[in-house]
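Let me begin by presenting the structure, written as structure tokens, before commenting on it.
Since every read-out is calculated from the coordinates, none of them should be taken as a lab result. These numbers were taken from a predicted model, which means no experiment stands behind them. Here the Cβ positions follow ideal geometry from the backbone for every residue, glycine too, while neighbour counts run over all protein chains shown.
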Amino acid sequence: MSNYEGNQASIYDLVHEDKNYGLEVDYIINIANNNGINSGNVIDIGCGTGKHLKEFKDRGWSAFGVDTSLDMVKRAEELLGDDAVIRHGNIEVIKEKFDLAISMFNVVNHIHGDLNSLEVFFNNISRKMNKGGVFIFDCFNHKAYQKEAPKSNVKTLSNGGKLHTKPVASYDGLHPDLTLECEYIGKDKRFEYSIKHKIWHTGALFGSLFKSGFSLLGLYNYFEDNNHITEDGIYDADKSKYKIVLVTKKIRTPKKR
């Protein structure tokens, strides 16, 4: 899983300042409510600077988060103080069990290696959840990347700085890699960094989730309301949408990987 440290962590919230965390959390809570999860503890795997957890806390949930980046954990602790439990590492460092787990902003695409790595990731989450609990995460849409690679972009930030992003895709194998080569140009500093993603095939996601004790409840284009899992279990999400949201339910506890 990629770490967001140093300079990259310092501009993270600035780069994503237009992201509506409250709207996303309301969307997640609505899905959780529709599946019998109305309140309690929520765990955010790859919690970043804690913005989603802050919105959950404001809505009365007990918030827990883990992240592999120490710099991101420090920023989440600054934001939330004693209002949440934030830990450095993976979910295994958390002792509690949960009825709702989330992993947002492409965290699953930061899992590299072979299918075993993906299965271990889901397995660890499943073992920290109560039976009947709901796990919701977003990721890149493999079908969209098969159709067309993303394009370079320049984003002007509110501090006057600019972020240049160039995607570099590798299509070897079933699960292509996408590396974002980034350059930040600000008034007082300039630096480069890269973010590497694994674009997991949806079949690999489905299979790994099932092995980890989850059943698939829904697949949505990014924060849209139309479920694209048909009654026959066929996935037909829009190939033009680069992001999807998967909703799963824990139905059994898997053996530890």
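At a glance:
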quantity	calculated
Charge-dipole axis of segment 145-197 as Lys and Arg at +1 and Asp and Glu at -1 on Cβ define it, positive-most pick from Ser170, Gly160, Pro150	Gly160
Per-q log10 I(q)/I(0), the chain, q = 0.08, 0.09, 0.10, 0.13 Å⁻¹ (Debye; single scatterer per alpha-carbon; no solvent)	-0.30, -0.39, -0.48, -0.84
Kirkwood-type radius of segment 145-197, with distances r between different C-alpha atoms, in Å	12.3 Å
Stretch gain in nm, segment Tyr193-Asp58, where the contour uses 0.36 nm per residue and the Cα spacing is subtracted	45.3 nm
Virtual paramagnetic centre 7 Å along Cα→Cβ of Leu174, amide N under 13 Å, in segment 190-217	200-209
DSSP beta bridge pairing in the chain, given as percent antiparallel to the nearest 5	70 percent
Part-to-part distance (alpha-carbon centres) for segment 72-144 and segment 1-68, which is given in Å	10 Å
Check: segment 145-197 dipole with +1 on Lys, Arg Cβ and -1 on Asp, Glu Cβ, in debye	300 debye
Fraction of beta bridges assigned by DSSP in segment 39-190 that are antiparallel (%, nearest 5)	45 percent
Extended-chain gain in nm, criterion 0.36 nm per residue less alpha-carbon gap, Lys97 and Val154	16.4 nm
Most mobile listed residue (Lys19, Lys74, Lys189) in the chain, GNM with C-alpha springs under 10 Å	Lys189
In nm, spacing of pseudo-spin labels at Asp18 and Ile185 (7 Å Cα→C-beta vector)	1.9 nm
Helix-only [θ]222 nm of the chain, DSSP H runs n ≥ 4, -39500 (n - 2.57) each, per residue, nearest 500	-7500 deg cm²/dmol
Proximal lysines relative to Lys211, as straight alpha-carbon distance under 22 Å, when same-chain residues fewer than 8 apart are discounted	Lys97, Lys128, Lys131, Lys198, Lys249, Lys250, Lys255, Lys256
